[in-house]
Amino acid sequence: MQTKKPVAYIPSIGKTVVKKVGTRPEKVIDLSLNESSFGASELALRATRERCNRLFRYPDPASTDLRNAIGQAHDLDPERIVCGNGSEELLDVIGRLYARSGDEILFSEYSFMQFPIVAMRVGATPVSSREENLTTVVDTLLDKVTDRTKIVFLANPNNPSGTHIPKDEVRRLRDNLPAHVVFVIDSAYAEYADVEDYSDGIELVEGFDNVIVTRTFSKAYGLAALRVGWAYTSPSMAGEVNRMRGIGNVNAIAQEGAIAALGDPDFVKMVCQRTSEERQWLTGKLASLGLTAVPGVTNFLLVRFPAKSNHSAGAAIGYLEKCGILVRDVDDYGLEEYLRITIGLHEENQAMIDGLDKFLGLPDVG
Ligand SMILES: Cc1ncc(COP(=O)(O)O)c(C=O)c1O
């Protein structure tokens, strides 16, 4: 199965500012972009402010201190870490390095939107494999591998489903991919995945020259505005990604903020703990409203709404927006019956549940 052409990925960032809701100026509750409502560590905020006093100085183009700090935090060789302007830049660089027109880039059915976009940008063909229960199936993915497959992208956990596959399955996927295929494990939500059978896949890089793991500071670290991601891979692939990335790709403020954030692991632990509690609370509340959330391990939930009714996902998103609450439709993924809802602070989640309660209380005219 080849995927349909992806529409341009234009996140609703413009909506996240304070805007007029109805007749009252009111702060919008933005649960649409999987950002962290818990914000960033005070240490990171202080470090970024401090670096603003030296704006005339260029950043270190090699992000040396940041790579050392990541290496120390994760017990990794800094020489094999490449930092990027968000992990998004790194995914893009990987596409430009390893695929071109006539090649195929493979991922599973409801994978992160950037994967088909990377394929289209380099003129490669995006190919997708069937999922079961909105979860990657390793065997159907492997069945789609051909001589033309150059990259396999796996978001684990995935966005927009929030589901993951166990580390043994990721290992099996790696072990069964031909050596000519670059295997990218996008672990953007790794910090949140509080389940025994999960791994970000870093251990799968060892001994292989075709495996690359990407991580980000945009989610649990709450540094989305800074745009800092990183990749860990073999020495030779790290060299290739380094030569292709932008020279000053991670700005100085971002480097300082991310280094300081790594110095506050308790903050990230707190964010993940509270997110997990809120995820459980929300799942229960949604169930009591008659709505099912896909069981996920991230900072968002994919929630199913009744099809073809005035309680549909499309109607719900409009109603919530009128209440000043933004969530994400996933029509562009072909999931018209679902909404993706970021897990926010408790009061934000409560407001969203209250909004849905009122919405579902409206008479259903079918
Ligand atoms: C699965 C996945 N990978 C990567 C990214 C991009 O993250 P970054 O902010 O590091 O570019 C996102 C952002 O939402 C994501 O959901």
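The values are calculated or read from the model by the stated rules, or taken from the named source; none is laboratory data. Since we're looking at a predicted model, the values are computed, not measured. Cβ atoms come from the backbone with ideal geometry, glycine included; neighbour counts cover every protein chain shown. Side chains are part of the model used for accessible areas, which takes the heavy atoms of the whole protein and leaves out ligands, DNA and RNA. Shrake-Rupley method; radii C 1.70, N 1.55, O 1.52, S 1.80 Å.
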Express the relative contact order of segment 202-258 as a whole percentage, based on alpha carbon pairs under 8 Å and six or more residues apart in sequence. 34
Expressed as a whole number of Å, what is the distance separating the alpha-carbon centroids of segment 189-236 and segment 52-119? 10
Report the calculated FRET efficiency for Arg130 and Gln273 (r = Cβ-Cβ distance, R0 = 45 Å), to the nearest 0.05. 0.80
Given a cut-off of under 8 Å on Cα pairs at least six residues apart, what relative contact order in percent is computed for segment 274-352? 30
Please compute the volume of the convex hull spanned by the alpha-carbon atoms of segment 42-264 and report it per residue in Å³. 112
Where does the Debye-calculated log10 I(q)/I(0) of segment 60-156 sit at q = 0.20, 0.24 Å⁻¹, using only Cα point scatterers of equal weight, no solvent? -0.94, -1.10
Which of the residue pairs Lys285/Lys322; Lys27/Lys219; Lys308/Lys358; Lys269/Lys358; Lys27/Lys308; Lys219/Lys285 have a Cα-Cα distance greater than 28 Å in the structure shown? Lys269/Lys358; Lys27/Lys308
What translational diffusion coefficient, in µm²/s and rounded to a whole number, does the Stokes-Einstein relation yield for segment 273-359 at 25 °C and a viscosity of 0.890 mPa s, taking the hydrodynamic radius as the Kirkwood radius over Cα pairs? 192
Report the Stokes-Einstein translational diffusion coefficient (µm² s⁻¹, integer) for segment 317-360, Rh taken as the Kirkwood radius over Cα pairs, at 20 °C with viscosity 1.002 mPa s. 196
Evaluate the charge dipole of segment 190-253 about its Cα centre and quote only its size in Debye, nearest 20, assuming +1 on the Cβ of each Lys and Arg and -1 on the Cβ of each Asp and Glu. 600
Along the Cα-to-C-beta direction of Glu196, a point sits 7 Å from the Cα; which residues of segment 252-283 have their amide N less than 14 Å from that point? none
I'd like to check one number: the per residue accessible area of the chain, probe 1.4 Å, reported in Å² as a whole number. 44
Distribution output for segment 170-239: share of Cα-Cα pairs per 5 Å bin in percent, first bin at 0, values 3, 16, 25, 22, 16, 12, 5, 1
